[in-house]
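**Student:** Mind looking over this structure? Questions follow.
Read-outs: derived from the displayed coordinates by stated rules, not from any lab. What you see is a predicted model; the values in this text were computed from it and never measured. Here the Cβ positions follow ideal geometry from the backbone for every residue, glycine too, while neighbour counts run over all protein chains shown.
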Amino acid sequence: MVGYVVIQVAQQLQAQSKATGEQTVNDVFLGVKITTIQGYNVSGAIQKLVMIITPWPGSPQVDLSRMHIELSDTNVKLVLLFNGTAFVNATSGTNNVFLEPAFPTVGSDYGVIVLSDTDNSCTASHPILDRGDNVMLAINTSACFGGIGESVWITGNIIPENGAWSIIDFRTPYAFHNPVIILQQG
């Protein structure tokens, strides 16, 4: 009888260990990866941000309509939600992403610019990212913060419905010399 109890306990521990391991893998490898964050400088203030994201390798589909972005300039913390009217399919290319109509006028929203989507799964009404997709999350920082000035620390997270959060953490340069500024790289 004792041997049976020991075997049963061992089997239960093995099942719990397997479930914990699968949950850990899901928490770490599900979600999106930020490859770069760029800002658009107009007259000494960043008026727009784009965050280029892709799903983590092995991650199942990520529904952008269920994902939100937390963003803070140390004075204001915002939670941004997907706005389907601020959606651009740029898989054929674009001359200037910062001039695309993907930047919502509302400071609590973000838009999407699709860069690559081989299976056409990412649409305005159903924005799904899957393996190989790349999109830009478009944020109108003029509407969010009244623009972002020089030497400002920005923090936040991209939070998918399931999986790991992606960290946003950068300080703007002490002086803006170019219209497009790389703020964070993957």
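**Student:** Taking the Cα centre of segment 31-185 as origin, work out the dipole magnitude from +1 charges on Lys and Arg Cβ and -1 charges on Asp and Glu Cβ, in debye rounded to 20. Let's see the in-between values first.
**Tutor:** On the way: 6 positive and 12 negative charges, 48 e Å.
Approximately 220 debye in magnitude.
**Student:** Still on this structure, I have one more. Run the simple label-point estimate for Y174 and T91 please: 7 Å along Cα→C-beta, distance reported in nm.
**Tutor:** That separation, rounded to one decimal, is 4.5 nm.
**Student:** Still on this structure, please answer the following. Once phi is turned into ³J(HN,Hα) by the Karplus curve 6.51 cos²θ - 1.76 cosθ + 1.60 with θ = phi - 60°, what whole-Hz value does each residue of segment 67-78 show in order, with x for glycine and proline?
**Tutor:** 9, 10, 10, 9, 9, 9, 10, 6, 9, 10, 10, 10
**Student:** Once phi is turned into ³J(HN,Hα) by the Karplus curve 6.51 cos²θ - 1.76 cosθ + 1.60 with θ = phi - 60°, what whole-Hz value does each residue of segment 124-136 show in order, with x for glycine and proline?
**Tutor:** For segment 124-136, the Karplus-derived couplings read 4, 7, 8, x, 10, 9, 9, 3, x, 7, 9, 9, 10 Hz, x marking Gly and Pro.
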